[in-house]
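The next block holds one structure in the form of structure tokens; read it before the comments.
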Amino acid sequence: MRPVLLITGGSTGIGAACARGAARQGYDIALNYRNSEAEANAVADACRADGARVLLCRGDVADPAEINGVFAAIDAEFRRLDALINNAGIVDQTATLTQMDHARLRRMFDINVIGAMLVAKEAVLRMQAQGEGGVIVNISSAAARLGSGKQYLDYAASKAAIDCFTKGLSDEVAADNIRVMAVRPGLIETPIHAKGGEPGRADKLAHMVPMQRKGTAEEIARPVLWLLSEEASYITGSTLDVTGGR
Ligand code: NAD
């Protein structure tokens, strides 16, 4: 039986690379996306070509009712859930704290933190009910260590919350054989930089990376999928930097 994997924000960037890699490794996939339906369809087609059963599930992770809708669709289609890549996330325009308002901070934390926690909650409920364990990889960021002052410290703080949440949840569910880890990507070429108003950001800052280059979405997907696999069976609570040394 193929394990069932939910990927949030799976239509682009790192999430899409994870979906394609997971299909090749034998997972069936629930692919969550917010509004990029055409891109989600393209990722789903590629996964199906590699033999995966794919459920496309639209839903905003900042909206608890929409999260419930995503899980209701998964329950109806697969009746189980074995793994989660908690990947959906946003950045915002470059700004200092004094330029940030309440609405910006609420949106950042609603999506990057509360959304990820509620998605993990629903996944854990199902994994505990199945009684066969499970695996969760949260997508953090090197920003959680770096702080990202004068860039987007709200984003960095949201990812630091994810690191702390990863450790706490891993302790809560370890006895249920549910492993919980985080991956901290560094500078990765994906659409996220353009959405934050800086399309050339990964190239511009590549000189700050010890390896002197940006990374690819596939270079994040491979360690994420390794953490999901039995190869990583004694790892939980850990946060892995995948940053070219930054
Ligand atoms: P991306 O913009 O391609 O992917 C983010 C995905 O999340 C998009 O598909 C987007 O539609 C989705 N999303 C955003 N808000 C959502 C919501 N409310 N509900 C559902 N989906 C939502 O960029 P990416 O770089 O692939 O980002 C993936 C993850 O990697 C994010 O959590 C990001 O913070 C993290 N990350 C990226 C980098 C980088 O340099 N690219 C570095 C560190 C961490």
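The values are calculated or read from the model by the stated rules, or taken from the named source; none is laboratory data. Bear in mind that the values here come from a model prediction, so they are computed numbers and not experimental data. Here Cβ is always computed from backbone atoms with ideal geometry, including for glycine, and neighbour counts include all displayed protein chains. Accessible surface is based on the protein model in full, side chains and every heavy atom, while ligands, DNA and RNA are left aside. Shrake-Rupley method; radii C 1.70, N 1.55, O 1.52, S 1.80 Å.
Treating the angle as unsigned and between 0 and 90°, give the value, to the nearest 10°, between the Cα long axis of helix 116-130 and the longest Cα principal axis of the chain. Between the helix axis and the principal axis of the chain, the angle is about 20 degrees. Summed over the residues of the chain and divided among them, the accessible surface reaches 44 Å² per residue at a probe radius of 1.4 Å. Simple spin-label estimate for residue 121 and residue 48 gives 3.4 nm between the two label positions (7 Å along the Cα-to-Cβ direction from each Cα). Per-residue ellipticity at 222 nm computed for the chain from its helices equals -13000 deg cm²/dmol, with DSSP H segments shorter than 4 residues left out and the rest contributing -39,500 (n - 2.57). For the pair the range 80-139 and the range 153-202, the centres of their Cα atoms are 8 angstrom apart.
Hey, with R₀ at 35 Å, roughly what FRET efficiency would residue 132 and residue 35 work out to, going by the Cβ-Cβ distance, to 0.05? Write out the running numbers ahead of the final one.
Working: r = 34 Å, r/R0 = 0.96.
According to the calculation, E is roughly 0.55.
Between 0 and 90 degrees, the angle of helix 217-228 with respect to the longest Cα principal axis of the chain falls at about 40 degrees.
Ordering 179, 213 by accessible area with a probe of 1.4 Å, largest first, what comes out? List each step's numbers first, then the result.
Numbers: 179 20, 213 105 Å².
Output order, biggest surface exposure first: 213, 179.
Out of the total accessible area of the chain (probe 1.4 Å, heavy atoms of protein only), what percent is carbon and sulfur? In the chain, the share of accessible area belonging to carbon and sulfur is 53 percent. So what is Rg over Rh here for the chain, counting just Cα atoms and using Kirkwood for Rh? Here the Rg-to-Rh quotient is 0.95. For the chain, the longest principal axis of the alpha carbon atoms and the long axis of helix 153-173 meet at an angle near 30°.
Taking 22 Å as R0, compute the FRET efficiency from the Cβ-Cβ separation of residue 226 and residue 176 and round it to 0.05.
Working: r = 22 Å, r/R0 = 0.98.
The computed FRET efficiency comes out at 0.50.
As a length-normalised measure over Cα pairs under 8 Å and 6 or more apart, the relative contact order of the range 4-242 settles at 20 percent. For the range 55-96, the share of alpha carbon pairs falling in successive 10 Å distance bins from zero is 24, 47, 18, 9, 3 percent.
Under the simplified labelling scheme, the residue 103-residue 205 pair shows an inter-label distance of 2.6 nm, with each label point 7 Å from Cα along Cα→Cβ.
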